[in-house]
2 protein chains.
Amino acid sequence: MKGPTDIVDAVLAGDPAAVARMLTFVERRADGVDEALAKMHQHTGRAHVLGLTGPPGSGKSTLVSALARHYRDTGRSVGVLAVDPSSVFTGGAILGDRIRMSELAGDSGVFIRSIATRGALGGLSRACLDAVAVLDAAGKDIVIVETVGVGQAEVDVISAAQTVAVVSVPGLGDDVQAIKAGLLEIADVHVVNKADREGADRTVAELRDMLRLSHPRPGQWDVPIRRTIGTTGQGVAELAAQFTDHLAWITDNGERERRARDNAATRIRWVVEQLVADRLRPGVTEFDHAVDEVTARHDDPLSAAKALIAGLSSDTQEDFS
Amino acid sequence: MKGPTDIVDAVLAGDPAAVARMLTFVERRADGVDEALAKMHQHTGRAHVLGLTGPPGSGKSTLVSALARHYRDTGRSVGVLAVDPSSVFTGGAILGDRIRMSELAGDSGVFIRSIATRGALGGLSRACLDAVAVLDAAGKDIVIVETVGVGQAEVDVISAAQTVAVVSVPGLGDDVQAIKAGLLEIADVHVVNKADREGADRTVAELRDMLRLSHPRPGQWDVPIRRTIGTTGQGVAELAAQFTDHLAWITDNGERERRARDNAATRIRWVVEQLVADRLRPGVTEFDHAVDEVTARHDDPLSAAKALIAGLSSDTQEDFS
């Protein structure tokens, strides 16, 4: 049975089966996944990572399909990650959305995958950031991360993108309210999808009012509002052009570098925390001994902690070098 | 200005002003507080730590006052920690409760303190566990931790006690339901307070039914139901006797040792995580350098993490030894 490090070369070559398997390793945090990600790291940083979020019914998945088709038509390869923090509840909907995307399924230049993790919220962010790295290393020019914008986990996930699009749709009454609640600050582009529906002008106007209240300071990105019709592809090329403009803008002003540094800092912290947590659990001799000594008051928590950290360092050298 | 380590001796001598100041250091996680706790550690493990929880209006604080009075009358010193995870909302109530306790305020054998932390839930558990250690080291025979049993944070806090009492009161309709929701598993003793009220028999019967459904296995503690009237002190001596029985029971069957080990493991983990987190933040040269290298793809997150852990060890030796 091949482990994560065994399939790194196949992932780097863009083999869809290897990419799929690596994403499963990432979701399950299989042994060796951090080593595999380390090997892939130098091949990352090339993709444009798009985050796309909006309420259920806003036609996000159709829009993502249309975007993917546009990118394919213009010669770019695409990876799509549909993030689902609570698959128990929305599993059905996600599945339905995926089926609608199946017209793209025969195209090896498009890779589509739902990603979910049971367990901690942090787990989802990590699985998602790692999955983006895998698709990036696999040579995808564009990686689209799609979420239903409902919770903090999803805001965290989507914030890791370079360009964040928030999708609204006419006729969902509390839509704009929901956006106000948490997504306004993270939107780089607003999209009014299903723009042929009645009420599209009002939705655009409401968004414009909202943005006016948070009027950009000089030198700040002026968040555009784009109209699209996902089902026909209308407005999609213009939306993609806007994404490219935004990437150029954050590249020029250093924001792209700043986000990359945040991302690197987060990844380093996660790995350190993992290595540390692996050593601080029952069954690890040094930890059990420390617990014994502190329980018996032969040692105190602080000096026990320092001794464990000292040991950790040599363990780390031994086990991983 | 004296820091935490400067007042350890005064705390160990039981000086109330020093204890109060140390608890403030603990709440604020002042510099040096882990060092002070380390010095106090060998003087802990003597107190009987009681957790007392129940809904607002159950007369918990009056009951705690009555318990404190009983313990004082029988020659034991007492520390009370009123834990309040959301002081914004319940600050008033807590203050009111404290005023009702003021009859004990002139007695230096009783130490009463509210504890609250803004910020992370984990922060509250930690502050509380540390505060218990301070009162224990200060020589209190009994430490009572009192919470309003509403959230996970409070369940975590109360679980750290050796003996947990869940307080019910007749006539709060959804009371028993609330207990079912989260507190049933952690109750070592059930208390029906205000037992002179109409409906007390029904509350006792409901609790009994509930306990019957979770009938204890052989060798398991048989959770008793005690009736009290906090305002008159009726049933309080019997309740205290029950607490003592429970402590003897967990001591005999090894459960006390098991809880002490869990407690030690948690404390060690917290200190390690703190020492690690202190080194993984912007402004720390090694961390900034690692972020630079990973961002530039000169290094990967895994090997950067290992290098940081190796450095951590020597830093820890330097700074703290």
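The values are calculated or read from the model by the stated rules, or taken from the named source; none is laboratory data. Just so it is clear, the structure is predicted and the values come from calculations on it, not from any experiment. Neighbour counts are summed over all protein chains in view; Cβ atoms, including those assigned to glycine, are modelled from backbone coordinates with ideal geometry.
A few remarks follow.
- Tallying residues that are buried (at least 21 other Cβ atoms within 10 Å of the Cβ) and within 14 Å of chain A (Cβ to nearest Cβ) within the stretch B:22-32 yields 1.
- Subset of the stretch B:49-71 [touching a Lys or Arg at 6+ places or on another chain (Cβ under 7 Å) and among the polar types (S, T, N, Q)]: B:S61, B:T62, B:S65
- Residue within the stretch A:242-249 that is at the interface with chain B (Cβ under 8 Å from one of its Cβ atoms), closer than 30 Å to A:A47 by Cβ, touching a residue at least 60 places away in the same chain (Cβ under 8 Å) and crowded, with 17+ Cβ neighbours inside 10 Å present: no
Condition check ((1) more than 14 Å from chain A (Cβ to nearest Cβ); (2) in contact (Cβ under 8 Å) with a residue 40 or more places away in the chain; (3) farther than 30 Å from A:H298 by Cα) across all residues:
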{"position": "B:A237", "(1), (2), (3)": "yes, yes, yes"}
{"position": "B:D252", "(1), (2), (3)": "yes, no, no"}
{"position": "B:A260", "(1), (2), (3)": "no, yes, no"}
{"position": "B:A264", "(1), (2), (3)": "no, no, no"}
{"position": "B:E293", "(1), (2), (3)": "no, no, yes"}
{"position": "B:A296", "(1), (2), (3)": "no, no, yes"}
{"position": "B:D299", "(1), (2), (3)": "no, no, yes"}
{"position": "B:A304", "(1), (2), (3)": "no, no, yes"}
{"position": "B:S313", "(1), (2), (3)": "no, no, no"}
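Conditions (1) at pLDDT below 95; (2) touching a Ser or Thr at 6+ places or on another chain (Cβ under 6 Å); (3) among the hydroxyl-bearing types (S, T, Y), marked per residue:
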{"site": "B:E238", "(1), (2), (3)": "no, no, no"}
{"site": "B:Q242", "(1), (2), (3)": "no, no, no"}
{"site": "B:N253", "(1), (2), (3)": "yes, no, no"}
{"site": "B:R256", "(1), (2), (3)": "yes, no, no"}
{"site": "B:D262", "(1), (2), (3)": "yes, no, no"}
{"site": "B:T266", "(1), (2), (3)": "yes, no, yes"}
{"site": "B:V271", "(1), (2), (3)": "yes, no, no"}
{"site": "B:Q274", "(1), (2), (3)": "yes, no, no"}
{"site": "B:D278", "(1), (2), (3)": "yes, no, no"}
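- Taking the criterion of being modelled with pLDDT of 80 or more, closer than 20 Å to B:A36 by Cα and outside any helix (DSSP H, G or I), the residues of the stretch B:114-145 that qualify are B:A138, B:G139, B:K140, B:V143.
- Taken over the stretch B:266-291, residues that are more than 8 Å from every other protein chain (Cβ to nearest Cβ) and of a type in the set (D, E, K, R) amount to 5.
- Residue that is nearest to the chain's Cα centre (by Cα) [pool: residues in the stretch B:189-244 that are part of a helix (DSSP H, G or I), closer than 24 Å to B:D141 by Cβ and not β-branched (V, I, T)]: B:F243
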